[in-house]
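A.B. asks: One structure follows; several queries about it will come next.
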Amino acid sequence: MNILFVCLGNICRSPMAEFVMKDMVEKKGISDDFYIASAATSTEEIGNSVHPGTRRKLSEYGISVAGKTAVQLKRSDYEKYDYILGMDGYNMRNIRRMLPEDTGNKIHRLLDFSKNPRDIADPWYTGDFDTTYDDIYEGCEALLEKILKEGH
Ligand code: 4NP
């Protein structure tokens, strides 16, 4: 199962989702069945390391983001991944514009799998990485539950 998380810059939300999801599958002992990554819709932060807010929040849970630098979403990612997950409505519009038509129903907003579908809180202007983490944890848990229910 190949999963790609996508946000605007690939330094705050989507790397947080990438490493939360990696930690979740590792704790379940099923990490060999997954390839998990993240990417940006914009070129703004390409090559930059993960934002200190995301880094600090994940370190509270013993999760490292070492080695991750921002990369941009590319057209060929559509074939490579089974799930391509945007963080908010703006990401969704950009993802759909950048990728081929979603004939495989692969493109979703992360929290559309939760009981309370909504955008992931954006920490860029608020500096609030706690709410972002809670949203991302909820989304990843719901996504993993769906994947496991489908028998992958
Ligand atoms: P992210 O946060 O999309 O969650 O990585 C942002 C990163 C960069 C910008 C905005 C949001 N930016 O405007 O460059």
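Computed from the coordinates by the stated procedures, all read-outs in this text should not be read as laboratory data. Treat the numbers as computed from the prediction; the structure is a model and nothing was measured. Because the Cβ atoms are built from the backbone with ideal geometry, glycine has one as well, and the counts that use them run over all protein chains shown.
A.B. asks: Report the net charge of residues surrounding Lys28, where surrounding means a beta-carbon distance below 15 angstrom and charges are Lys +1, Arg +1, Asp -1, Glu -1.
C.D. replies: -2
A.B. asks: Quick one: putting +1 on the C-beta of Lys and Arg, -1 on the C-beta of Asp and Glu, what dipole do you get for the chain around its Cα centre, in Debye to the nearest 20?
C.D. replies: 260 debye
A.B. asks: Collect residues whose amide H, placed 1.01 Å from N in the peptide plane, falls under 5 Å from the amide H of Ile107; neighbours closer than 5 in sequence don't count.
C.D. replies: Ile84
A.B. asks: While we're on this one: How large is the direction-averaged shadow of the alpha-carbon convex hull of the chain, in nm²?
C.D. replies: 8.4 nm²
A.B. asks: Ok, one more. Enumerate the amide H contacts of Tyr35 below 5 Å, restricted to partners 5 or more residues apart or on another chain; note that Pro and chain-start residues carry no placed amide H.
C.D. replies: Sorted by chain and number, the residues that satisfy this are Asn2, Ile3.
A.B. asks: A follow-up question, please. Compute the length gained on full extension between Glu44 and Arg75: take 0.36 nm times their separation in residues and subtract their Cα-Cα distance, giving the result in nm to one decimal.
C.D. replies: Taking 0.36 nm per residue and subtracting the Cα distance, the gain is 9.4 nm.
A.B. asks: According to a simple spin-label model (label point 7 Å from Cα along Cα-to-Cβ), what is the distance in nm between Asp82 and Trp124?
C.D. replies: In this crude label model, Trp124 to Asp82 measures out at 3.1 nm.
A.B. asks: Karplus couplings for the stretch 105-111 from phi (6.51 cos²θ - 1.76 cosθ + 1.60, θ = phi - 60°), rounded to Hz, Gly and Pro as x?
C.D. replies: Here the 3J(HN,Hα) series is 6, 9, 9, 9, 7, 3, 7 Hz.
A.B. asks: I would also like to ask the following. Convert each backbone phi in the stretch 129-136 into a coupling constant with the Karplus relation 6.51 cos²θ - 1.76 cosθ + 1.60 (shift: θ = phi - 60°), then list the ³J(HN,Hα) values in order as whole Hz, x for Gly and Pro.
C.D. replies: Using θ = phi - 60°, the values come out as 7, 5, 5, 4, 4, 4, 4, 5 Hz.
A.B. asks: Assuming a ≥ b ≥ c are the square roots of the Cα gyration tensor eigenvalues, decide whether the stretch 26-94 counts as rounded (a/c under 1.5), prolate (otherwise, with a/b larger than b/c) or oblate.
C.D. replies: Oblate.
A.B. asks: Sticking with this one: In whole Å, what are the extents of the stretch 56-121 along the principal axes defined by its C-alpha atoms, from largest to smallest?
C.D. replies: Ordered largest first, the stretch 56-121 gives principal extents of 39, 31, 20 Å.
A.B. asks: Which entries in the list Lys57/Lys149; Lys106/Lys146; Lys74/Lys106; Lys27/Lys80 go over 23 Å, if you measure between the two C-alpha atoms of each?
C.D. replies: Table pairs above 23 Å Cα-Cα are Lys57/Lys149; Lys27/Lys80.
A.B. asks: Quick one: what are the phi-derived ³J(HN,Hα) couplings along the stretch 77-86, Karplus 6.51/-1.76/1.60 with θ = phi - 60°, whole Hz, x for glycine and proline?
C.D. replies: Per-residue couplings from phi come out as 4, 4, 6, 5, 10, 8, 10, 10, 10, x Hz.
A.B. asks: With Cβ to Cβ distances under 13 Å as the rule, what net charge do the other residues near Ile147 carry (K, R +1; D, E -1)?
C.D. replies: Local net charge: -1.
A.B. asks: Continuing with the same structure: Report for the chain the percent antiparallel among DSSP-assigned beta bridges with both residues inside it, nearest 5.
C.D. replies: Counting only bridges with both partners in the chain, antiparallel ones make up about 5 percent.
A.B. asks: Still on this structure, I have one more. Once both labels are modelled 7 Å past Cα along the beta-carbon direction, what's the Lys28-Asp134 spacing in nm?
C.D. replies: 2.4 nm
A.B. asks: Something else: Using +1 on the beta carbon of Lys and Arg, -1 on that of Asp and Glu, and nothing else charged, what's the dipole of the stretch 18-69 about the Cα centre, debye to 20?
C.D. replies: Once rounded to the nearest 20, the dipole reads 200 debye.
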